[in-house]
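Asks: Sending over a structure as structure tokens; questions will come in a sec.
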Amino acid sequence: MPLISMHGVGKRYQGGVEALSNVSFDIEEGEFVFLSGPSGAGKTTILRLLMRMEVASQGDVLAFGRNLRALRRSAIPYLRRNIGVVFQDFRLLQERTVAQNVAVGLHVLGLSRRDIRRRVEGVLFDLSIDRYAHHLPSMLSGGEQQRVAIGRALVMHPALILADEPTGNLDWELSNEIVRLFEELNSKGTTVIMATHDRFLLDAYQRRTIVLNRGMVIEDRAAPREATQQSSQE
Amino acid sequence: MPGASARFVRQSLHLVGQGLRGILVSPGQTAACIMSLAVAGCLVVLSASFGSLAVDVLDRAGRSARVLVYLKDEVPANRVQDLMARIGARSDVDSAQYMTREQDRSRNAELLPRDVIQSLPAEAIPGQHGLEVTFRPGAAGTQGIASLSAFLRSLEGVDVVAEPPVGSSRLRALAAAVGFMRTVAAILAALLLVGTLFFVVGTLTRTMEHRRDEIVILRLLGATDAFVRLPILIQGVLQGMAGLVSGAIAAILVSGTVNAWLAVEFDVAVRLPSWPESTLPLAAAGGALLGAAGALIATARREA
């Protein structure tokens with residue numbers, strides 16, 4: 001059973017803007033998938049549907065075996081605890097330190113102070129930003145701030161990471177760093193879905209890519225590695 | 001399940017901490033909010049207290065009133081005895097004493113200027129025999145006076161039932177005026193509290209504005225409605241309690257000062273009502289309710 005499944009999904013916003021039309025794809029557990037396409041293609045809408053920040057107008061969106069259209073409001077927080085989100089603009093709390101930013105979600109889980117400290121220190125170390133633990137975000141570079149944002153997602157031990165243009169504000173070198181970080185997480189079993197319109201990244205990292213345009217899937221390109229495996233099986 | 005209990009306790013402590021932190025978001029506005037609640041609470045309690053005092057004073061005036069019953073000239077002494085017995089048998093009457101014409105005349109003379117009295121012959125000052133009826137302590141008020149007066153007028157041989165020094169009709173008018181003032185004060189107090197409620201809502205809304213980014217992040221990380229809204233509720237409850245309890249304490253201090261002044265200035269046993277032990281808990285409960293209402297309105301107005 002796929003981790004994520006979309007079948008005939010359409011999304012029409014108030015005012016009649018059609019963001020998605022008849023979108024269908026499956027994503028298996030442990031996959032690394034790029035969502036690609038120009039601005040306004042529907043990448044962010046797909047991520048918002050998966051976070052249950054929006055509800056599909058048509059079709060079915062299934063995640064973790066649950067139909068998100070039928071999900072009760074009270075069940076949404078528990079769905080989101082399985083998902084880590086990373087944004088282009090980092091969305092860090094500027095008046096809190098790096099460690100406090102990473103820890104913000106752990107209070108939701110009701111962990112003890114000791115567990116929170118242990119998890120935060122571990123994540124900061126893994127992301128090589130442990131020396132900034134007591135710095136404010138404004139004192140860090142863009143790449144470092146994005147690492148903090150990734151740390152905030154990772155510390156919750158999510159099964160799925162949704163990244164919405166996480167390299168949009170970064171230069172090529174830092175973008176590479178971030179994608180390599182996602183690859184590393186993916187190699188440990190975390191499913192990653194990353195929206196990007198950066199062709200250089202798509203070319204550099206040969207991963208499955210779902211290409212969108214005007215709200216429709218125009219191409220679902222398997223990773224060359226997977227494609228090779230498929231052809232050898234045939 | 002000790003793990004679940006520990007988690008619940010940790011989350012509760014965290015939420016209380018967040019509520020306290022919310023108070024510090026805009027300390028000036030929070031202080032102004034608590035101050036306005038305190039003033040409103042103080043005024044509410046004092047208006048209720050002065051209203052009770054006024055009613056108490058009127059009641060005492062009614063109790064100390066004496067009704068003068070003027071008898072017709074031809075009523076014989078044995079009939080006077082009979083009337084005194086009938087009146088004295090009433091449960092609300094303490095005593096009924098006979099008053100001679102001379103006693104009534106000398107009482108009337110005291111009401112006239114001295115030079116007028118000296119220029120008049122003694123028989124020119126009116127005097128009529130009658131009865132002086134005194135209420136039993138605690139048996140009368142404004143209603144009691146009206147009831148007794150009606151009874152006295154119905155008796156044979158009674159000429160006039162005189163208004164007491166503070167007339168019953170005047171007492172009734174005063175009581176009505178005090179009742180009206182109390183109603184007006186209650187309405188004003190309610191309006192004042194509604195006004196302060198909006199102050200509470202404004203302060204909490206500001207906290208929510210300040211925490212908007214954090215709330216968005218918390219939502220995305222899986223925070224429940226309760227986790228997001230409880231700190232706002234806690235902040236509102238703490239503000240409301242702090243405000244109304246301070247107001248009640250201020251009212252207690254003010255009434256203590258007023259009582260001390262009354263004791264020095266007036267030789268009367270009239271005091272603001274003593275404060276029941278439940279005043280502060282009631283103020284705390286009222287403040288908590290007000291704060292909770294403010295939090296509900298604030299979170300309903302703005303998605304938290």
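The values are calculated or read from the model by the stated rules, or taken from the named source; none is laboratory data. On a predicted model such as this, the values are computed, not experimentally measured, just so you know. Neighbour counts are summed over all protein chains in view; Cβ atoms, including those assigned to glycine, are modelled from backbone coordinates with ideal geometry. Ligands, DNA and RNA are stripped out before the accessible areas are found, and what is left, the full protein with its side chains, is counted by its heavy atoms. Shrake-Rupley method; radii C 1.70, N 1.55, O 1.52, S 1.80 Å.
Asks: Let a ≥ b ≥ c be the square roots of the eigenvalues of the Cα gyration tensor of chain A; is it rounded (a/c under 1.5), or, if not, prolate (a/b larger than b/c) or oblate?
Replies: Because a/c hits 1.5 or more and a/b exceeds b/c, chain A counts as prolate.
Asks: Let me ask you something else. Enumerate the calculated ³J(HN,Hα) couplings along segment A:20-36 in order (Karplus 6.51 cos²θ - 1.76 cosθ + 1.60, θ = phi - 60°), each rounded to whole Hz, writing x wherever the residue is Gly or Pro.
Replies: 9, 9, 6, 8, 9, 6, 10, 10, 7, 4, x, 7, 10, 10, 8, 9, 10
Asks: Shifting gears a bit: Restricting to chain A, what percent of DSSP beta bridges are antiparallel, rounded to 5?
Replies: Roughly 50 percent of the DSSP beta bridges within chain A come out antiparallel.
Asks: Could you work out the relative contact order of chain B, using alpha carbon pairs under 8 angstrom and six or more residues apart, expressed as a whole percent?
Replies: 31
Asks: Calculate what fraction, in whole %, of the accessible area of chain A sits on carbon and sulfur atoms when a 1.4 Å probe is rolled over the protein chains.
Replies: The value for chain A is 46 percent carbon and sulfur by accessible area.
Asks: Another question, if that's okay. To the nearest 100 Å², how much accessible surface do chains A and B cover up together, summed over both, with a 1.4 Å probe?
Replies: Interface area, both chains combined: 1800 Å², rounded to the nearest 100.
Asks: Once you mark the trypsin sites (Lys or Arg not before Pro) that are in a DSSP loop and have at most 11 other Cβ atoms within 10 Å, what is the longest gap between them in chain A?
Replies: No qualifying site falls inside A:73-187, the longest such stretch.
Asks: Which far-off residues, 5 or more places away or on another chain, put their amide H under 5 Å from the one on A:L20, with H placed in the peptide plane?
Replies: The answer is A:K11.
Asks: With label points built 7 Å along Cα→Cβ from the Cα atoms of B:I117 and A:R96, find their separation and express it in nm.
Replies: Taking the two extended label points, one gets 8.8 nm.
Asks: Then there is this: Only protein chains counted, 1.4 angstrom probe. Which residues of segment B:194-225 are at least 40 Å² less accessible in the assembly than when their chain is isolated?
Replies: B:E214, B:I217, B:L220, B:L221, B:G222, B:T224
Asks: What angle do you read, to the nearest 10 degrees and between 0 and 90, between the alpha-carbon axis of helix A:224-233 and the longest principal axis of chain A?
Replies: The two axes meet at around 50 degrees.
Asks: OK, next. When the Karplus curve 6.51 cos²θ - 1.76 cosθ + 1.60 is applied with θ = phi - 60°, which whole-Hz ³J(HN,Hα) does each residue of segment A:144-159 get, with x for Gly and Pro?
Replies: Here the 3J(HN,Hα) series is 5, 5, 5, 5, 4, 4, 5, x, 4, 6, 5, 5, 7, 6, x, 8 Hz.
Asks: Let me ask something additional. Please name which of B:P121, B:S91, B:L155 has its Cα lying farthest along the dipole of segment B:66-163 towards the positive end, using unit charges on Cβ (Lys, Arg +1; Asp, Glu -1) and the Cα centre as origin.
Replies: It is B:S91, whose Cα lies furthest towards the positive end.
Asks: Reported to two decimal places, what Rg/Rh ratio describes segment A:109-210 when computed on Cα atoms with Rh from the Kirkwood expression?
Replies: Taking Rh as the inverse mean 1/r over Cα pairs, Rg/Rh reads 0.98.
Asks: Just the number, please: carbon plus sulfur as a percent of the accessible area of segment B:66-163, 1.4 Å probe, no ligands or DNA/RNA counted.
Replies: Here carbon and sulfur together make up 50 percent of the probe-accessible area.
Asks: Let me ask another. With a 1.4 Å probe and all protein chains left in place, how much accessible area per residue does chain B have, in Å²?
Replies: Result: 53 Å² per residue.
Asks: Starting from the Cα coordinates of chain B, work out the convex hull volume and express it per residue in Å³.
Replies: So the per-residue Cα hull volume is 191 Å³.
Asks: Around B:A6, with a cut-off of 13 angstrom between Cβ atoms, what is the net charge of the other residues, counting Lys and Arg +1 and Asp and Glu -1?
Replies: Charge balance near B:A6 sits at +3.
Asks: Mind checking the angle between helix B:225-265 and chain B's longest principal axis? C-alpha axes, 0 to 90 degrees, to the nearest 10.
Replies: 30
Asks: Would you mind checking which residues have amide H under 5 Å from A:Q88's amide H? H placed 1.01 Å from N; only 5 or more apart, or other chain.
Replies: For A:Q88, the qualifying residues are A:D164.
Asks: Would you mind computing, in nm to one decimal, how far apart the modelled labels at B:L262 and B:S106 are, each placed 7 Å from Cα along Cα→Cβ?
Replies: With each label point 7 Å from Cα toward Cβ, the separation is 3.6 nm.
Asks: Work through the residues other than A:A159 whose Cβ is under 10 Å from its Cβ and net out their charges, Lys, Arg +1 and Asp, Glu -1.
Replies: It works out to a net charge of 0.
Asks: Taking every DSSP beta bridge that has both residues in the protein assembly as shown, what percent is antiparallel when rounded to the nearest 5?
Replies: 65
Asks: Report the label-to-label distance for A:S74 and A:E121 in nanometres (one decimal), using points 7 Å from each Cα along the Cα→Cβ vector.
Replies: The modelled label-to-label distance comes out at 3.9 nm.
Asks: Now a separate question. Could you pull the Rg and Dmax for the protein assembly as shown, using just the Cα atoms, both in Å?
Replies: 41.3, 143
Asks: Right, another one. In segment B:1-45, what residues drop by 20 Å² or more of accessible area when the other protein chains are put back, versus the chain on its own? Use 1.4 Å, and skip ligands and nucleic acids.
Replies: Residues passing the criterion (a loss of at least 20 Å², heavy atoms only) are B:R7, B:R10, B:Q11, B:H14, B:R21.
Asks: Could you go through segment B:112-120 in sequence order and give the Karplus-derived ³J(HN,Hα) for each residue, using 6.51 cos²θ - 1.76 cosθ + 1.60 with θ = phi - 60°, rounded to whole Hz, and x for Gly and Pro?
Replies: After applying 6.51 cos²θ - 1.76 cosθ + 1.60, I find 9, x, 4, 5, 5, 4, 5, 7, 9 Hz.
Asks: For a Förster distance of 60 Å, can you work out the FRET efficiency between the beta-carbons of B:M35 and B:A77, rounded to the nearest 0.05?
Replies: 0.25
Asks: Dipole of segment B:66-163, Cα-centred, from +1 at each Lys and Arg C-beta and -1 at each Asp and Glu C-beta, to the nearest 20 debye?
Replies: 240
Asks: Is segment A:7-66 best put as rounded, prolate or oblate by its Cα gyration tensor, with a ≥ b ≥ c the root eigenvalues, rounded for a/c under 1.5, and otherwise prolate when a/b is larger than b/c, oblate when not?
Replies: oblate
Asks: Same structure, new question: Taking Rh as the Kirkwood radius, which is the inverse of the mean 1/r over Cα pairs, what is the Rg/Rh value for segment B:66-163?
Replies: That ratio equals 1.03.
Asks: Running a GNM on chain B with Cα contacts under 10 Å, which residue among B:V178, B:V194, B:V75 ends up with the highest mean-square fluctuation?
Replies: Comparing B:V178, B:V194, B:V75 in a Gaussian network model of chain B, the most mobile one is B:V75.
Asks: 5 Å is the cut-off here: which amide hydrogens, built 1.01 Å from N in the peptide plane, fall below it relative to A:V211, excluding neighbours closer than 5 in sequence?
Replies: Sorted by chain and number, the residues that satisfy this are A:S36, A:I218, A:E219, A:D220, A:R221.
Asks: Estimate the FRET efficiency between B:A176 and B:A300 by the formula 1/(1 + (r/R0)^6), using the beta-carbon distance for r and 41 Å for R0, to the nearest 0.05.
Replies: 0.45
Asks: Using +1 on the beta carbon of Lys and Arg, -1 on that of Asp and Glu, and nothing else charged, what's the dipole of the protein assembly as shown about the Cα centre, debye to 20?
Replies: That gives a dipole near 660 debye.
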